[in-house]
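Everything on this sheet refers to the single structure shown next.
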Amino acid sequence: MAEILKLLKDGNKPSLMAAFVNAFLGIIKGAAFFFTGNVAMFAEMMHSLGDAANQFFVYIGSALSKKAPTKQFPSGFGRIVNLVCLFAVIIVAILSYETVKEGWHHFIHPAEESKGMLIALGVLLIGIVLEGAVLAKAAVEILHEAGQEKAGIITAIPKAFGYLNRAKPATKLVFMEDLVATGGNVLAFTAILIAHFTGWTSIEGLVSMIIGCMMFYVVAKVFLDNARGVIGETDEEMLNHIAHIVMDDPNIQDIVRLEVIKEGEFLHVELVAEADANLSLAFLDDVRDHLTEIISSQKGVSKVAILFDEDDGTIDWVHIGERPETKH
């Protein structure tokens, strides 16, 4: 129990924050739906409750993924966060279906104008502010994980889009879900105003379906990203970066094999390099220690394994814009 509590302290903070915020919003949106009967509010209630559930699971998964490797699991537990994210999107998928179904029913058979407009608008306004705050927090975290300079709250959100692929799975999930959640709140807010001033109550059902489809997009995107993580995906950018580090070492003649595999929030590096056969084992051991220290210092790298092979006289390593050449 003590170990679990210690791991939970290192869990993904944006996920935990988002879970509490969405749980609170789900409760007040549920109360607002009960008093107003607004179907757009129903969609937002389902959205918030779904986000709260899966973001809490993601927080737990991100914490457990930091558990140290054991003899039975020597590669560690990094991919647990990917497995948890896959489980989490199932919840969102079910709630997305219910949201679209309820929206379709209301669109085909529109009811009279919902009551308690001010209540609904007030709750949605609270949602926009709170979801926007979580979105901004996740954006700042993405920039931090990508090694970028701090940005203001307003500029961090658009800037974060360019670094989404370099974010941790949990942080990326929070950002995407709260982006959709904030947009959903704005759409629901707009739909209620249009229905009130024009009498076109069907728009509430239409917006509910749009929100449901937005949730399905998050489901598809997160599922594909984490399915690749469970299988074991290469970090191409870091692979290319580490390859340049290795080839810049004067004692390395070529790279036979280099793998940089994402293990949840971490990277595992396996390298087989060619070196001069005349170098002593003691010297090569020093080279290995030097390279291990440099590679381990790269962001996200938690494990490095390096082996040496005899130089065959040619450079065979080819990657991103590089061409093989024969050594003279």
Problem - Loop-located GluC sites (Glu not before Pro) in the stretch 112-205, at most 14 other Cβ atoms within 10 Å (DSSP) - result: GLU112, GLU149
Problem - HN-Hα J in Hz across the stretch 225-235 - Karplus 6.51, -1.76, 1.60, θ = phi - 60°, x for Gly and Pro - result: 4, 7, 5, 5, x, 5, 5, x, 9, 7, 8
Practice task
Measure up LYS67/LYS159; LYS6/LYS299; LYS66/LYS137; LYS168/LYS262 against 20 Å on the Cα-Cα distance and list the ones that go over.
Solution key: LYS67/LYS159; LYS6/LYS299; LYS66/LYS137
Completion exercise
Any chymotrypsin sites (Phe, Trp or Tyr not before Pro) in the stretch 111-201 that lie in a DSSP loop and have at most 15 other Cβ atoms within 10 Å would be TRP200
Exercise for the section: Taking the Cα atoms of the stretch 172-328, report the difference between the largest and smallest coordinate on each principal axis, in whole Å and largest first. Expected result: 86, 29, 23
Problem - Unit charges on C-beta of K, R, D, E only; dipole of the stretch 191-287, Debye - result: 940
Exercise for the section: Taking all protein chains together and a probe of 1.4 Å, list LYS150, LYS159, LYS29 from the most accessible to the least accessible. Expected result: LYS150, LYS159, LYS29
Exercise for the section: Subtracting the Cα-Cα distance from 0.36 nm times the residue separation, let me have the gained length for LYS221 to ASP289 in nm, one decimal. Expected result: 20.5 nm
Completion exercise
With x for Gly and Pro, the residue-by-residue ³J(HN,Hα) of the stretch 204-213, computed from phi through the Karplus equation 6.51 cos²θ - 1.76 cosθ + 1.60 at θ = phi - 60° and given in whole Hz, is 5, x, 4, 5, 4, 5, 5, 4, x, 5
Fill in the blank from the handout: For the stretch 19-81, the percent of all C-alpha pairs falling in each 5 Å bin, from 0 up to the bin holding the max distance, is 4, 19, 18, 13, 10, 8, 9, 7, 5, 4, 2, 0
Fill in the blank from the handout: A chain fully extended from ILE154 to PHE20 at 0.36 nm per residue, minus the present Cα-Cα distance, gains in nm 46.0 nm
Handout entry: Computed label-point distance, nm, for sites GLU270 and ILE108 using a 7 Å Cα→Cβ extension
Key = 5.4
Problem - Long-range HN-HN contacts of VAL304 with modeled amide H, under 5 Å - result: VAL269
Fill in the blank from the handout: Here the FRET efficiency for CYS213 versus ASP249, based on Cβ atoms and R0 = 35 Å and rounded to 0.05, is 0.10
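The values are calculated or read from the model by the stated rules, or taken from the named source; none is laboratory data. Predicted model only: the values in this text are computed from it and were never measured. No Cβ is skipped: glycine too gets one built from the backbone with ideal geometry, and neighbour counts run over all protein chains shown. Just the protein is used for accessible areas: all its heavy atoms, side chains included, with ligands, DNA and RNA removed. Shrake-Rupley method; radii C 1.70, N 1.55, O 1.52, S 1.80 Å.
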